[in-house]
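Undergrad: Starting off with a structure, shown below.
The values are calculated or read from the model by the stated rules, or taken from the named source; none is laboratory data. Quick caveat: nothing in here was measured; it's all calculated off a predicted structure. Here Cβ is always computed from backbone atoms with ideal geometry, including for glycine, and neighbour counts include all displayed protein chains. In case anyone asks, the SASA skips ligands and DNA or RNA and just uses the protein heavy atoms, side chains included. Shrake-Rupley method; radii C 1.70, N 1.55, O 1.52, S 1.80 Å.
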Amino acid sequence: MLPRETLDTTVLPPAERFGMWLELVARTSAPMRVRSAHDEDFIARADFVDLGPIQLISYDYPSLDAFRTPKLIRQSDPELYMLALTTGGVGTSSQDGRRSEIQAGEFTFYNASRPHDLGHHATEPERGQASSIVTIIPHAALPLPPQRMAALYGGRMSGSEGIGALLAQFLIQVTGHPEQYHAADASRLGAVGLDLATTMLGRHLVAEDAVPTEVRRRALLTQVQSYIHRHLGEVTLDPQVVADAHHISVRSLHRLFEGEDATVASYIRDLRLGRCQRDLTDPALRNQPVQTIAARWGFPHKAHFSRAFKAAYGMTPQEHRDNASDLARIVNRQASTVNSGPAD
């Protein structure tokens with residue numbers, strides 16, 4: 001599991017919760033002044049996930065306003081950028097004369113080394129909560145021209161299309177399900193998140209050329225792989241379809257995969273076979289014919305599927321299913337024997 005630290009104000013009595021939150025904010029690398037109409041009972045939670053080159057913080061809190069003042073900057077300036085995705089409620093962001101209203105599903109970007117103010121308010125009065133995911137990026141880690149970044153401060157960017165949608169999905173998945181990853185994955189996930197953020201910001205600068213070539217390549221590769229995962233069950237999915245969906249040539253798509261362990265076609269095939277293998281051993285699907293499972297994952301022809309499966313796993317799909325069933329029976333029989341023994 002990815003290392004995660006959590007702060008939950010509900011562990012304290014209502015009267016002490018806002019103070020706990022102010023203490024948290026004061027201890028952060030870029031402290032802010034915070035005010036809220038809910039200071040008498042501030043029910044809030046923050047989950048911190050460290051991914052090496054970047055840090056993610058998932059927030060859930062009552063409506064609030066926050067201010068990063070020149071005095072606070074003089075006291076602490078860690079030289080950080082903040083890329084915030086609003087996931088619930090409506091936000092406002094203001095820096096260097098630009099002010100924007102941020103809806104759920106949109107990003108805003110600001111520089112913690114310069115004064116700014118933020119607001120985040122719930123849109124459901126009965127719940128009274130707002131939520132966001134903030135990506136903290138050190139200035140030195142973002143491979144874009146620092147002198148150009150001011151054009152984005154306090155602005156809004158879509159998290160529902162293109163690279164923005166992919167980045168939003170990444171942030172929601174990683175912060176929402178850290179248990180699905182190993183601690184050793186943290187740095188690699190951080191590199192993927194940084195590449196996606198860099199590419200999105202570069203495109204909003206209308207200066208994608210400023211984004212290093214390798215960063216753009218990795219971001220596009222992540223986008224392509226995500227597309228393949230989403231369309232894996234479509235029989236027509238092949239390199240041409242993938243290339244067309246991303247407005248590149250098939251030749252460019254193959255070049256994109258040159259540094260990987262698989263070609264485009266083998267990447268698709270191996271993913272499909274992996275899904276079939278998983279479903280064939282799923283007890284809930286044991287009554288489904290093998291070919292039904294194969295067709296669900298893009299193998300409409302029985303003979304072709306059987307040959308591909310045997311080449312990958314050394315046995316036919318039916319043999320694989322039978323072996324899994326035999327193993328399950330053995331395990332269940334052993335468990336039954338242990339559980340039926342005399343109690344201590």
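Undergrad: Between GLN291 and THR263, what is 0.36 nm times their sequence separation minus the Cα-Cα distance? Round to one decimal in nm. Working shown, then result.
TA: Numbers: separation 28, 0.36 × 28 = 10.08 nm, distance 2.56 nm.
Length gained, GLN291 through THR263: 7.5 nm.
Undergrad: Subtract the Cα-Cα distance of THR28 and ALA165 from 0.36 nm times their separation in residues, and report this length gain in nm to one decimal.
TA: Length gained, THR28 through ALA165: 46.5 nm.
Undergrad: Okay, helix-only estimate at 222 nm for the chain: each DSSP H run of n ≥ 4 adds -39500 (n - 2.57), divide by all residues, round to 500 deg cm²/dmol; what do you get?
TA: Details: 11 runs with 145 residues, N = 344.
Computed mean residue ellipticity for the chain: -13500 deg cm²/dmol.
Undergrad: Using label points projected 7 Å from each Cα along Cα→Cβ, tell me how many nm separate ILE248 and ARG35, to one decimal.
TA: The modelled label-to-label distance comes out at 5.0 nm.
Undergrad: Only sites in a loop by DSSP and with at most 12 other Cβ atoms within 10 Å count here; which trypsin sites (Lys or Arg not before Pro) in region 148-225 make the cut?
TA: On the way: sites: ARG148, ARG156, ARG188, ARG203, ARG216, ARG217, ARG218; in loops: none.
Loop-located and lightly packed - none at all.
Undergrad: I've got another one for you. Please report the relative contact order for region 1-98, taking Cα pairs under 8 Å with a sequence separation of at least 6, and give it as a percent rounded to a whole number. Mind dumping the intermediate values first?
TA: Numbers: 117 pairs, mean separation 27.8, N = 98.
Relative contact order of region 1-98: 28 percent.
Undergrad: Now for a different question. Rounded, prolate or oblate: which fits the chain, taking a ≥ b ≥ c as square roots of the Cα gyration tensor eigenvalues, rounded meaning a/c under 1.5, else prolate when a/b beats b/c? Mind dumping the intermediate values first?
TA: Numbers: a/c = 2.68, a/b = 1.49, b/c = 1.80.
Oblate shape, in that a/c is at least 1.5 and b/c is the bigger or equal ratio.
Undergrad: If amide hydrogens are placed 1.01 Å from N in the peptide plane, which non-local residues have theirs closer than 5 Å to the one on HIS116?
TA: Answer set, sorted by chain and number: ARG68.
Undergrad: Taking θ = phi - 60°, what integer Hz values does the Karplus form 6.51 cos²θ - 1.76 cosθ + 1.60 yield along region 297-309, in sequence order, with x for Gly and Pro?
TA: With the stated coefficients, region 297-309 comes to 10, x, 10, x, 9, 4, 5, 5, 5, 4, 5, 5, 5 Hz.
Undergrad: Right, here's the next one. Roughly how much of THR10 is accessible, in Å² to the nearest 10, using a 1.4 Å probe?
TA: 60 Å²
Undergrad: Of the peptides 101-112, 222-233, how do they stack up when ordered by the mean number of other Cβ atoms within 10 Å, highest first?
TA: Details: 101-112: 21.9, 222-233: 15.5.
Peptide ranking by packing, descending: 101-112, 222-233.
Undergrad: With a 1.4 Å probe and every protein chain kept in, tell me what percent of the accessible surface of the chain is carbon plus sulfur.
TA: On the way: 9190 of 17730 Å².
Carbon and sulfur: 52 percent of the exposed surface of the chain.
Undergrad: Net charge within 15 Å of GLY19 by Cβ-Cβ distance, Lys/Arg positive one each and Asp/Glu negative one each, not counting GLY19 itself? Kindly include the intermediate steps, with their values, before the conclusion.
TA: Details: positive: ARG17, ARG27, ARG33, ARG35; negative: ASP8, GLU16, GLU23, ASP39, GLU40, ASP41.
Summing Lys/Arg as +1 and Asp/Glu as -1 gives -2.
Undergrad: Give, in nm to one decimal, the length gained when the segment between VAL241 and VAL11 is fully stretched (0.36 nm per residue of separation minus the Cα-Cα distance).
TA: Values: separation 230, 0.36 × 230 = 82.80 nm, distance 5.21 nm.
Computed gain between VAL241 and VAL11 is 77.6 nm.
Undergrad: Hey, what do the phi angles of region 56-70 turn into as Karplus ³J(HN,Hα) couplings, whole Hz, using 6.51/-1.76/1.60 and θ = phi - 60°, x for Gly and Pro?
TA: Once θ is set to phi - 60°, the couplings for region 56-70 become 10, 10, 9, 10, 9, 7, x, 3, 7, 10, 9, 9, 9, 9, x Hz.
Undergrad: A follow-up question, please. Excluding ligands, DNA and RNA, what is the solvent-accessible area per residue of the chain at a probe of 1.4 Å, expressed in Å²?
TA: Details: 17730 Å² over 344 residues.
Counting only protein heavy atoms, the per-residue value for the chain is 52 Å².
Undergrad: Lys and Arg at +1, Asp and Glu at -1: add these up for the other residues within a Cβ distance under 13 Å of TYR181 and post the number.
TA: Details: positive: ARG4, ARG188; negative: ASP50, GLU179, ASP185.
Value of the local net charge: -1.
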